[in-house]
Structure formats: structure tokens, C-alpha cells
Amino acid sequence: MSVSRVSPVRSLLRRPGRLAAEAVALLVAVVVAFPLYWMLLSALKPAGEIQSTSPRPWTLSPSLDSFRRVFEQQEFGRYFLNSLLVAGTVVVASAVIAFLAATAVTRFRFRFRTTLLVMFLVAQMVPVEALTIPLFFLMRDAGLLNTLGSLVLPHLAFSLPFAIWMLRGFVKAVPEALEEQAALDGASRTRFLWQILFPLVLPGLVATSVFSFISTWNDFLFAKSFLISDTSQSTLPMALLVFFKPDENDWGGIMAGSTVMTIPVLVFFVLVQRRLVSGLGGAVKD
């Protein structure tokens, strides 16, 4: 019995839609990756090539002088640790609070439940810039200016509505019969919450944590507004201001500092990429 074989050319002709989609995806990937490539290239270029009027997308004499100026900056390590502390605190706190809140609005019926869910969506529509001045007075009255707490609390407040709304779909996807079965087996509600439900919605928590981490790590507006005089509490985006000078900006230092800032984000993505894909897939499916 002979088996007919389809030639590779005919197979490609039968899938023009897939080839078009792959070509578009490749084009989008190039467009997204090019700014990162240009940032790294500018950080490695000598000063003469950066200031050249005819820039080239390559360099034949890479240099680490820009990175040296970044790491020689006073208290750069402290700024890095401050950013890491703020971002880590926001990620952990928002994940725990959002998980408990999403479970509450999904599993329990209470008054103004629908109103609360609508308020979560409305909170996402308010621009951050419109709330900066009111938040400044709030932090001043609370005595939190020039402290890392003035960065943690606003970012926590802005990340929670999105996280709660997204996790609500993951909690809802877990059947209530599973909780009833766990109760019959002698598991308390607390045990079901942390040992059964929490692992099931972990992909959703990872997806929301990525959003919280990136928005907090790259923050400049709140850091510039709330950290006024105490430079020891500054974060990495504030450290880049050193390279902006009145006469001439140090673009090599700016790009090298931006590259250093990007590395923790890439590491975080690599660590959570598998659960992130499943989490986003679950959100779309829901």
C-alpha cells in the first residue's frame, strides 16, 4: 500500500494564512526588539560615535566606559536595592491581597458586591497624573514623604484593581464542588484557600505580578514627586537624572543605566515565563 507524500512546497502553498501570521509576528518582534538593541548598542559605543551626525546600527570598537561611569556613580547600589525593595514589596503584597479579595468577591454574596466590581474598573480609568498632587498632600499629612513607603502605597493601590479583576476569573474557574469535597475530607476553609485554591490560581498571580513589577520598577513620576530631599531613598529611575546635564547630556551613561535597569525585568520574565503564558492563556479563555 503506497502512502502519498505531500511536497514541502505544496504544504507551504496550503498554509498562506499561517505564513502571513508568522511574517507579521516576526515583523512585530523586530520592531519591539530594535529599541532594546539600539539602547545596548548606544551603551557600548564610544562617545565619538554616539555624538556622530551619521549614526550606524553597529560599532567596530565597543567600549564599557559608559557602564563604568554608571557603576562609579555614588550610591548606585543603594538605588538598585531601593528599587528592588519597593518592587518586591508591591508584588508580594498585591498578590496576597488580590488573591484574598478575588476569592471574597467570587465565593461570597454580599451587599454592593456588583458596585465594588464596577469600582475596580473605574479605578483603572483614572490617569495617574491626575492623582499625583492629591497623593502628595496625602503622603505629606501621613508623614511618608522622603520614605520608600510613599512609593509602595500608591503602586499597591494602583495595581490592586487590575489584579483583583483578573484573578476573579481564575477563582471563578475553580468549581465549588472542589471546595465541598475538600470540606467533606475534613479540610478547613483556610486550608482549602492556601493549599488547594492558591496553587490553582498561581498562573494568574504570576501574570498580575508581572504587571505590578514592571509598573513599580520603571516608576519615575512618584519617585520624583515624593522623594524630595532625601536622596538615600531614591530609586534607579532617579539615578539616571545625573546623566542629564544642562550643557550636554551623557547619552552613553543614560543608555548604560537604562540597560542595567532592564536586566532585572528580563530576569524576572525568564523566571516566570512558563506560568505567565498559562496565566495569560487562562485570562483570555475566561
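Worth pointing out:
- Residue list for region 118-154, restricted to those being in contact (Cβ under 8 Å) with a residue 60 or more places away in the chain and among the aromatic types (Phe, Trp, Tyr): PHE136
Conditions tested, residue by residue: (1) out of contact with any helix residue (DSSP H, G or I) (no Cβ under 7 Å at 6 or more places or on another chain); (2) closer than 20 Å to LEU236 by Cβ.
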residue	(1), (2)
ALA29	yes, no
LEU40	no, yes
ALA47	no, no
SER54	yes, no
LEU60	yes, no
LEU81	yes, yes
VAL91	no, yes
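- Region 140-152 - residue that is open to solvent by less than 60 Å² (accessible area, probe 1.4 Å) and hydrophobic (A, V, I, L, M, F, W, C) and, of those, farthest from THR231 (Cα to Cα): VAL152
- Considering the conditions (1) of a type outside the set (Asp, Glu); (2) surrounded by 15 or more Cβ atoms within 10 Å (Cβ to Cβ); (3) without any contact (Cβ under 8 Å) to a residue 40 or more places away in the chain, ILE50 is excluded by exactly one of them, (3).
- Which numbered condition VAL86 fails, given (1) of a type in the set (Val, Ile, Thr); (2) at pLDDT below 90; (3) assigned to a helix (DSSP H, G or I): (2)
- Residue check for PHE137: among the hydrophobic types (A, V, I, L, M, F, W, C), surrounded by fewer than 14 Cβ atoms within 10 Å (Cβ to Cβ) and under 26 Å from ASN82 (Cα atoms): yes
- Residue within region 155-162 that is over 30 Å from GLU72 (Cβ atoms), free of Cβ contacts under 8 Å to residues at least 40 places away in the same chain, over 21 Å from the mean Cα position of the chain (by Cα) and open to solvent by 50 Å² or more (accessible area, probe 1.4 Å) present: no
- Filtered by the rule that a residue be open to solvent by 80 Å² or more (accessible area, probe 1.4 Å) and in a helix (DSSP H, G or I), region 163-191 gives TRP165, LYS172, GLU176, GLU180, GLN181, LEU184, ARG189, THR190, ARG191.
- Meets criteria (part of a helix (DSSP H, G or I), open to solvent by 60 Å² or more (accessible area, probe 1.4 Å) and within 22 Å of ILE263 (Cβ to Cβ)) for LEU81: yes
- Set side by side, the residues PHE222, PHE192, PHE211, PHE198 differ, and just one is in contact with an Asp or Glu (Cβ under 7 Å, 6 or more places away or on another chain) and at pLDDT 85 or above, which is PHE192.
Quick grid of which residues meet (1) in a helix (DSSP H, G or I); (2) among the small types (Gly, Ala, Ser); (3) touching a residue at least 40 places away in the same chain (Cβ under 8 Å); (4) touching a helix residue (DSSP H, G or I) at 6+ places or on another chain (Cβ under 7 Å):
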site: THR208; (1), (2), (3), (4): yes, no, yes, yes
site: SER215; (1), (2), (3), (4): yes, yes, yes, yes
site: ILE228; (1), (2), (3), (4): no, no, yes, no
site: SER232; (1), (2), (3), (4): yes, yes, yes, yes
site: LEU240; (1), (2), (3), (4): yes, no, no, yes
site: ASN249; (1), (2), (3), (4): no, no, no, yes
site: GLY252; (1), (2), (3), (4): yes, yes, yes, yes
site: GLY257; (1), (2), (3), (4): yes, yes, yes, yes
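- Sole residue being under 25 Å from ASP219 (Cα atoms) and surrounded by 14 or more Cβ atoms within 10 Å (Cβ to Cβ), chosen from SER63, SER42: SER42
- Taking the listed residues ALA101, ALA87, the one that is open to solvent by less than 60 Å² (accessible area, probe 1.4 Å) and over 19 Å from the mean Cα position of the chain (by Cα) is ALA101, with no other qualifying.
- All conditions but one from (1) assigned to a helix (DSSP H, G or I); (2) surrounded by 15 or more Cβ atoms within 10 Å (Cβ to Cβ); (3) without any contact (Cβ under 8 Å) to a residue 60 or more places away in the chain apply to TRP194; the one that does not is (2).
The values are calculated or read from the model by the stated rules, or taken from the named source; none is laboratory data. Computed from a predicted model, the values in this text were never measured in an experiment. Reconstructed Cβ throughout: ideal geometry from the backbone, glycine too, with neighbour counts over all protein chains shown. We work out accessible area using only protein heavy atoms, side chains counted, and drop any ligands, DNA or RNA first. Shrake-Rupley method; radii C 1.70, N 1.55, O 1.52, S 1.80 Å.
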